[in-house]
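The next block holds one structure in the form of structure tokens; read it before the comments.
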Amino acid sequence: MNTLSNTAQEILLHAKPLILAGGYHGFSYADISDLVGIRKASIHHHFPTKAELVRVLVNQYRQDAAAGLAQLDRTIADPGARLRAYVAYWQTCISSGTEPFCVCALLASQMPAIPDIVAIEVRAHFRTLSVWLATVLAEGEASGRFRLAGEPKAEAELFVATVHGAMMSARAHADGDLFEKIIGPLVERMTLKGPS
């Protein structure tokens, strides 16, 4: 249950794009103060440290992502269609610019320089995502929908790395379509038959 105040939620709302633009060290409480229209001391009241602010933001991000994956499990029976829906979510976010990069992927790239309490949340996100993907891939392989080159767990890690690498390439080249050009063939190569 979310017990954060409206002001705390607004602070997090403004912090997220700042993190996506410049990473953990790319923003300050002064930046948020200007955006939210409150004093820095007020931000410290809600989040005593920057590490705590980012930890809470990543924790919320993890919860939202887990809820989204659970929704895919509930509403899409076919593992191939579920995998495509996951990819389509990111394609839409990248193309529209609403979320051009995964917050946790960006923070993972800065792992040696971020506080431990943030790193723990980032690692937990990747564990959840990898387990979900391994489950989808194993289900697809068992049903004859997927042909995997290795064990589902290893294939899930490959998929995670490819998705986030494709995000990075799309960002580096300022080409939202590049994400689909990289990920689409990966999904198609592992899919054998069934609904798209």
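A few comments on the model shown:
- Put a dot 7 Å past the Cα of Asp177, heading toward its Cβ, do the same for Leu18, and the two dots end up 3.6 nm apart.
- Paramagnetic label zone (point 7 Å from Cα along Cα-to-C-beta, Ala30; backbone N under 20 Å) in segment 55-82: none
- Counting neighbouring Cβ atoms within 10 Å and putting the fewest first, the residues Ser96, Ser130 line up as Ser96, Ser130.
- Using 0.36 nm per residue and subtracting the Cα-Cα separation, the extra length available between Lys40 and Arg147 on full extension is 33.1 nm.
- Altogether, the Stokes-Einstein calculation at 20 °C and 1.002 mPa s, with the Kirkwood radius of the chain over Cα pairs as Rh, returns a diffusion coefficient of 119 µm²/s.
- Summing charges over all other residues whose Cβ lies under 9 Å from the Cβ of Glu139, with Lys and Arg as +1 and Asp and Glu as -1, gives +1.
- Sequence of Ile32, Ile38, Ile120 once ranked by neighbouring C-beta atoms within 10 Å, starting from the fewest: Ile120, Ile38, Ile32
- Close amide H pairs (under 5 Å, H built 1.01 Å from N) link Phe146 with Glu141, Leu192, residues at least 5 positions away or on another chain.
- Cβ-Cβ distance of Arg189 and Ala108, R₀ of 41 Å, FRET efficiency by 1/(1 + (r/R0)^6): the value works out to about 0.95.
Only the coordinates and a few stated rules stand behind these numbers; no lab work does. Note that the coordinates shown come from a computational prediction; the quantities given were computed from them, not determined experimentally. Quick reminder, even Gly has a Cβ in these numbers, built from the backbone with ideal geometry, and neighbours come from all protein chains shown.
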